[in-house]
């Protein structure tokens, strides 16, 4: 339950919504709140504010031989995505934040993205070597995760599993552990 509540809060960018009569929402503090309204509408969308210096330090500390400048570039580009902390957690599990990582299967870069035709069609990459570029790899991760989330009907745990290629509890738990470690004090 802890994972779902915090993922819901973070990944949906803390959307505060009024729900149909009698709906129950989790507030940002994890408490149930009864919301009464006549229609569903978004009141305000809030982008969470993260301590980029702390995240940069975390990425640098948990990385495989990258500079502090590269760690900062990774964090800054991740902050431009829909779910930055979750993508950083995936990067940690997939490549230990190594932009030059290559798997035996041919996956490349921070998010171990497979060079597929869909990335060219989406105009994310021109050449598959672009996947070694920090910004391009993170854009590709964001694109792929969005598609996996749609396939999983909004279930973030299942979408994380699909990102791996097939659902795997061990992989999902590693990502979620990294996710909560990245959030640090911001969860409490």
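The values are calculated or read from the model by the stated rules, or taken from the named source; none is laboratory data. What you see is a predicted model, and the numbers here were worked out from it, not measured in a lab. For neighbour counting, all protein chains shown are included, and Cβ atoms are generated from backbone atoms with ideal geometry for every residue, glycine included.
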Determine if the stretch 59-74 includes at least one residue that is touching a helix residue (DSSP H, G or I) at 6+ places or on another chain (Cβ under 9 Å), assigned to a helix (DSSP H, G or I) and under 18 Å from residue 177 (Cβ atoms). yes
Identify, please: which residue in the stretch 82-111 is more than 26 Å from residue 48 (Cα to Cα) and in contact with a helix residue (DSSP H, G or I) (Cβ under 7 Å, 6 or more places away or on another chain) and is, among those, surrounded by the fewest Cβ atoms within 10 Å (Cβ to Cβ)? 100
Checklist (1) buried (at least 20 other Cβ atoms within 10 Å of the Cβ); (2) at pLDDT 95 or above applied to residue 79, failing item: (1)
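What residue, of 120, 146, 139, is in the same structural domain as residue 56 (by TED's automatic domain parsing), out of contact with any helix residue (DSSP H, G or I) (no Cβ under 6 Å at 6 or more places or on another chain) and buried (at least 20 other Cβ atoms within 10 Å of the Cβ)?
Details: 120 fails: buried (at least 20 other Cβ atoms within 10 Å of the Cβ); 146 fails: buried (at least 20 other Cβ atoms within 10 Å of the Cβ).
It is 139.
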